[in-house]
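Below is one structure, written out as structure tokens; the observations come after it.
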Amino acid sequence: MSFDRLQDQIIEKKNPTVLGLDPRIEYVPKHIQEMCYARFGRNLQGTVEAIYQFNCGLMDGLADLVPAVKPQAAYYEMLGWRGMEMMERTIRYAGNKGFYVIADIKRGDIGSTAQAYAEGWLGKTGTAAGEEEMFGADCVTLNGYMGVDSITPFMEVAVKEKKSLFLLVKTSNPSGKDLQDMKIDGKTVYQIMGDLTEKWGAGTAGKYGYQVIGAVVGATYPEEMKQLRRRLNKTFFLVPGYGAQGGTAEDVRYAFDACGRGAIVNASRSLMCAWKKTGGDGRDYQEASRAAAIAMRDDICRFVTIE
């Protein structure tokens with residue numbers, strides 16, 4: 001099961017963090033930009049290639065340290081078809097480097113549309129040459145608020161392909177509470193969504209006890225996270241909101257079980273743009289992102305012991 005592989009890598013690296021690959025051209029050091037503009041032109045192709053080279057350089061620098069990457073589809077979609085092709089290349093490069101890949105797509109649809117999304121991102125698609133893998137992610141993020149109809153196609157593909165899902169449960173953004181904290185028969189909407197996450201994933205637990213369907217639970221709500229961890233003992237957590245959004249290492253410790261398992265914490269700009277804080281010209285971007293990743297790991301491991 002896919003979360004078993006993720007947990008294995010977290011244990012091996014003693015690091016429960018994921019690099020968010022949310023690239024904009026302004027995050028890319030100038031020397032990479034100029035190299036790609038010289039080769040491909042000062043145009044969309046040159047921009048896309050510069051971002052791709054930056055992604056690869058970050059992964060090269062962190063492959064032995066960070067167990068997973070999480071490319072956010074919006075940053076690739078904004079660059080049109082070339083951006084989506086670059087996301088596919090980024091996922092394949094990440095897989096070849098040994099990363100567990102979470103495609104942050106937040107899809108939520110039903111029927112044949114959900115099936116198409118599931119096949120494209122996690123499974124295989126029929127072509128004239130037979131079935132072929134397209135994006136090839138290990139896991140995707142989903143919005144389950146349309147109900148089980150929007151999740152079942154993904155779950156069927158995930159079980160077949162030994163992959164996994166993360167459903168939005170208690171998100172890190174401030175206005176999430178407008179809906180998620182509303183109560184129905186004494187339970188909050190996010191508690192109901194968490195309960196459904198465990199219900200829908202029943203019978204798929206792997207060797208660490210975690211089911212195919214995980215939950216997105218924001219670091220900015222530590223008390224709610226603590227409640228959800230007690231409530232959802234078979235659910236792996238993806239934790240956004242650490243760092244820039246205000247979540248601390250002391251907060252995210254509540255996402256983990258007693259063995260320091262069952263969760264992974266995301267960081268994006270703080271790792272991608274660490275070079276902007278060194279005072280240099282960006283040629284040290286790999287060293288800067290590595291130093292930031294080590295600092296994040298050590299910060300979290302002050303409160304979480306991974307066994």
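The values are calculated or read from the model by the stated rules, or taken from the named source; none is laboratory data. Remember, predicted model here, so these are calculated numbers, not experimental data. Please note: Cβ atoms are built from the backbone with ideal geometry, for glycine as well, and neighbour counts cover all protein chains shown. These accessible areas exclude ligands, DNA and RNA; they are computed on the full protein's heavy atoms, side chains included. Shrake-Rupley method; radii C 1.70, N 1.55, O 1.52, S 1.80 Å.
Meeting the requirement of 1 or more residues that are in contact with a Pro (Cβ under 6 Å, 6 or more places away or on another chain) and among the small types (Gly, Ala, Ser), the helices (runs of 4 or more DSSP H) wholly within region 54-163 are 111-121.
Among the residues that make up region 108-121, is at least one of them of a type in the set (Gly, Ala, Ser), out of contact with any helix residue (DSSP H, G or I) (no Cβ under 6 Å at 6 or more places or on another chain) and under 22 Å from residue 24 (Cα atoms)?
Taking every residue of region 108-121 in turn, none turns out to be of a type in the set (Gly, Ala, Ser), out of contact with any helix residue (DSSP H, G or I) (no Cβ under 6 Å at 6 or more places or on another chain) and under 22 Å from residue 24 (Cα atoms).
For region 95-109, the count of residues that are modelled with pLDDT of 95 or more, within 22 Å of residue 281 (Cα to Cα), of a type outside the set (Gly, Ala, Ser) and buried (at least 22 other Cβ atoms within 10 Å of the Cβ) is zero. Collect the residues in region 223-248 that are modelled with pLDDT of 95 or more and surrounded by fewer than 22 Cβ atoms within 10 Å (Cβ to Cβ), keeping them in residue-number order. Within region 223-248, 223, 224, 226, 227, 229, 230, 231, 233, 234 qualify. Here residue 145 passes the criteria (1) among the hydroxyl-bearing types (Ser, Thr, Tyr); (2) under 30 Å from residue 67 (Cβ atoms); (3) modelled with pLDDT of 95 or more except the one numbered (3). Taking the listed residues 49, 34, the one that is modelled with pLDDT of 95 or more, in a helix (DSSP H, G or I) and farther than 21 Å from residue 288 by Cα is 49, with no other qualifying.
Report, by residue number, each residue of region 258-289 that is small (Gly, Ala, Ser), closer than 30 Å to residue 217 by Cβ and open to solvent by 10 Å² or more (accessible area, probe 1.4 Å).
258, 268, 270, 274, 288
Screening residue 305 on (1) out of contact with any helix residue (DSSP H, G or I) (no Cβ under 9 Å at 6 or more places or on another chain); (2) closer than 30 Å to residue 192 by Cβ shows it passes everything except condition (2). In region 270-288, the count of residues that are closer than 21 Å to residue 20 by Cα, under 20 Å from the mean Cα position of the chain (by Cα), in a loop (DSSP other than H, G, I, E, B) and at pLDDT 95 or above is one or more.
Consider region 23-56 and keep the residues that are among the small types (Gly, Ala, Ser) and closer than 15 Å to residue 86 by Cα. The one that is surrounded by the most Cβ atoms within 10 Å (Cβ to Cβ) is 50.
Among 184, 151, which is closer than 23 Å to residue 199 by Cα, more than 20 Å from the chain's Cα centre (by Cα) and either open to solvent by 70 Å² or more (accessible area, probe 1.4 Å) or touching a residue at least 40 places away in the same chain (Cβ under 8 Å) (or both)? Explain how you work it out, then say what you get.
Numbers: 151 fails: more than 20 Å from the chain's Cα centre (by Cα).
Matching residue, one of 184, 151: 184.
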